[in-house]
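Each reported figure results from applying straightforward, stated rules to the coordinates on display, with no laboratory input. Keep in mind that what you see is a predicted model, and the values were worked out from it rather than measured. Note that each Cβ is placed from the backbone with ideal geometry, even for glycine, and that neighbours are counted across all protein chains shown.
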Amino acid sequence: QSLKSSEPIVPLAEYERMLVGRLDADYVGSKNCLAACHYHDQIRLDFEASTMGAQMSADSGMPLVDCESCHGPGSLAIEGLTPEKVAADAAVGKQTPCRYETLIDLKNLPAQAQSLLCLKCHSANATFNLHEWNAGAHAVADVSCFPCHDIHAGPDLIVSPKETKEMCFKCHKEKEAEFLLPSHHPVMEGKSFCTDCHQPHGSFHDSLMREETIRASCVRCHGEVEGPYVYAHADLMNEDCTICHANHGSVNNNLLKLSQPYLCLQCHVGHRTSANPVTGETKGAFYTRCTDCHSQIHGTDIPSASGRGNMTQ
Amino acid sequence: GEADDWDLLDSLDIEEDYAYEFPEIPPAAHIHLGYRFVDLEGAARVFQYEYLEDSLMAGAELRMFPFPHRFFFDFDLANKEDYLTDLRYAYGDLVLLRWLNNTYYHNTKHVRLHDYNPMTPAPGVDIRDTGREYGVTARQNKFSLMVKSPRFPLHVYFDGFHLVKDGNIQQRNLLGSGYYNNLQRVSQERKLDNTTRIFTVGANSHLGFVEVDFAHVEKRFDVDGNPVLEDAYTASGYRPAGIYKHSSIPELEGSGNTLRIHTSYSGKWVAAASFLQNDRENNFSGAQSDVMIGAGSLMWSPKPGMTLSLRYTHRDLDHENPAHVTVADPGDSAAVFPYPAKKPVSSKTDTLSLTGKYRPIKGLTFRAKYDYRKVDRTNGGIWKLPESTTRNGFTLAADSRLHSTVLLNLKYVYKNVDDPAYNSEPEHSNGGRFALTWLPHPAVSLLFSYELDRQERDNLNFAGSGEYVGNDLPWYRETDLDNARIIGTFQVTPKLTLTGTYSYLQYDVVQDLVHENLAGDAQVDPDVPMEQNAHVFTVGISYHLSDALQLLGEISYTRSEAGFFPSSEDLLAPVSVASFSQMEQSYLLFHLNGHYSFNNGLGMELDYRYGDLEDRLDNIHDDIEDGEAHIVILSATKKW
């Protein structure tokens, strides 16, 4: 058993047929393509330095990958071209045109076929985080690998976390506005990244969350409010932080969806409001930011003075 | 079989045909060195995630490809509290190693407390941190190592996550007796030094026609700062005066296992399943939680352009508490008070979604989705929560390319919830999205989109101590969410691009609020509106003057306001309860960047940022403070 006999992730016959290329063309090898035309020199250098470049050698023990693995057989594209003609054209500053239209028209393929081009090698075992690609939001919305991964961009095919913001905001414009609100996660500042919480390659979970719940994603970094606590905030341990917090950005401090005390009064009965001549309590005590007194609002292990879990202590 | 595969390769004489020589690729590197000038006036929150001190800054990047080794190193240092390191090494495709360090500073809030009624002894305020500014440094390290076997496709991996949050924050808490007869609100400094460690070890491989991945996770959360505070409390009706603990941050430990299985053996069918078990223990109190999750997905693509997928998840969450917790005064051995602990809520949640996508003709795609979620709670009644909540959701969407230059997206979402647990969740909601993208000219791109959600709730359920609380009263809530945006991109010349955006975000709620009078009777303030909105404007200019000189300018301006308007006189004096939610602020960011490249790989860069945060109401009861700052960075770059 080897990778060479592994099953591709989406072996849909119709899409596979789109990736075969011209049946009347032959494979000619990268040396007759990239190396012969200096127009591609930078692409060649970047590609050969990449992981897939290493796979141009059978010594790697990996599936062989070269230009024609993606672009299809290239004999028709270079028909009639010779190194001498390319050199002569270059001498007069002219780029020798090849019949690129005989190659696979990658840009105009359906998104599923574009993705299959990558997935036929990057099957689940090679890149295990692609397990959930097909049922994931991006695949369902006809987003292929291409908008995020440009294998000709350089030798490094891994997307740097610094680049993810621009990638995601190309489509998710509304999120960009949320990150410009006064309270926000530092995504615009380049100090936290969309991929910290989201798995763009697909996920079992809503909104492509990396973790099994939104809450599990939050407490990965916010361990100070993870719990479990003896006095938890009702069953919010079971629910999502988004009941109170706007996860991308908000006009209110601490990413609160609405400001206090209104946020809390949506679910909780306000404290007594009339002044008590015996105890001296006044209504002013009870209408502040609730968390001025209920400081352990996510949960606590220490009962309040009355012995209840009022999250004041 | 394996032997056949290798025989095939041998017969093709691959080795001979591919006498491949890895090219000589010279290493590429660049360094930059500069100085960062900072001028701050007012609150540091104007740049919430910047360490606002003058500093040297530096950076370097190195790429080397001496086959079969690949090495990449990127380092950016803005100051001692803000740097990023990305280190990658690969040996062929067999060993992949990455270390990512991301360290940044967060100017955390300092909410000013006020004595709302100095004429009464309580509630009072005890300010112990006058003039103090707070900030926390987050040092996050991610490490991953993957080793692949060259022939049999077995991968073994290790992932490490290490996060230290170190600094000082404001701790606001309640002292006095901690009960009605004597209340003191306190503001004091708290040392924070928390460490999160998550380590994952796993392996994946083919096992016949399925791929299997197994991982084990260990998590630790340690507190080295102030895990719990102690303060003097006055006597209450429940316990004598003494020194008691409060505001604990518990240390946690936990572990988990994940099994994932995937297959696409039959072609048009793709199936995946995962099983997860996770436990957590609170080392301060002994509270425990265990979660078991089983999930599966099935996708069927009967023909091109048509996809159906089904997902099902079952989550079993079990919480356990100790029967009692004890409060003690360390200075008084007799002052030990056991309190019974309430039974926690445990739950079982079943989630199912069915998604269909159909593309009848090129340029037109329909999508439909049905979501079902049912939560069954144990001990919910103790917490005045419904024993069961069921949610149903239906989504219909269409994407249509009306013309080669016009794209239309439409979406409608309906949700229905039986017995919602929280008042902020609707019983019914209708939402939608409309988006139109138009490319009237190759150099012009325009987008208009509008999203809305209308939510209703007829039977609010308030959590409180009085007997009147329940499901019987027809208390009402209505929520309107509206988001609109206009985006235009104009390529004025091949070297000059302008981008402008405007976004409007609105969150309006009208609902009945409830408060007690002194007798504990419910006082209903009906139809209290809460209005919150924000306008966000951005303008960006990118000017590529020449190969040597590039200019970038960006401005963003955000104006937001919020307020709610109770009518019950009890809530309006001596300080209106609405004062704390009343807010109007503006936030201006200006960014200008210029980079000039000389012929010999040298370059110069000037970067200027200006921020202005303004509390436009000057409301002492909100938690916004004015701040203004300039950051200028002058740096030199050298590339090889």
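Annotations for the structure displayed:
- Charge-dipole axis of the stretch B:396-548 as Lys and Arg at +1 and Asp and Glu at -1 on Cβ define it, positive-most pick from B:N483, B:L402, B:N416: B:L402
- Inter-centroid distance (Cα atoms) of the stretch B:92-108 relative to the stretch B:220-284, Å: 24
- The share of alpha-carbon pairs in the stretch B:120-255 lying farther apart than 18 Å comes to 69%.
- Put a plus charge on the Cβ of each Lys and Arg, a minus charge on the Cβ of each Asp and Glu, and nothing anywhere else: the dipole of the stretch A:191-262 about its Cα centre is then about 260 debye.
- Shielding value for B:85-94 is 3, the average number of Cβ atoms from other chains within 10 Å of each residue's Cβ.
- For the residue pairs B:K165/B:K219; A:K175/B:K348; B:K191/B:K245; A:K162/B:K109; B:K342/B:K384; A:K162/B:K142, alpha carbon separations beyond 21 Å are given by A:K175/B:K348; A:K162/B:K109.
- Its residue count N sets the reference 2.2 N^0.38 Å, and the alpha-carbon radius of gyration of the protein assembly as shown equals 1.02 times that reference.
- Positive dipole terminus of the protein assembly as shown, leading residue within B:S346, B:S429, B:L62 (C-beta point charges): B:S429
- For chain B, the longest principal axis of the Cα atoms and the long axis of helix B:2-12 meet at an angle of about 40 degrees.
- For B:M57, distant residues with modelled amide H under 5 Å away: B:G34, B:Y35, B:R36
- Take the Cβ atoms of B:D332 and B:A398, set R0 to 51 Å, and the FRET efficiency comes out at 0.10.
- Size of the stretch B:319-390 as Cα extents on the principal axes (Å, biggest first): 81, 25, 16
- Taking every DSSP helix (H) stretch of at least 4 residues in chain B, weighting each as -39,500 (n - 2.57) and dividing the sum by the residue count yields a mean residue ellipticity at 222 nm of -500 deg cm²/dmol.
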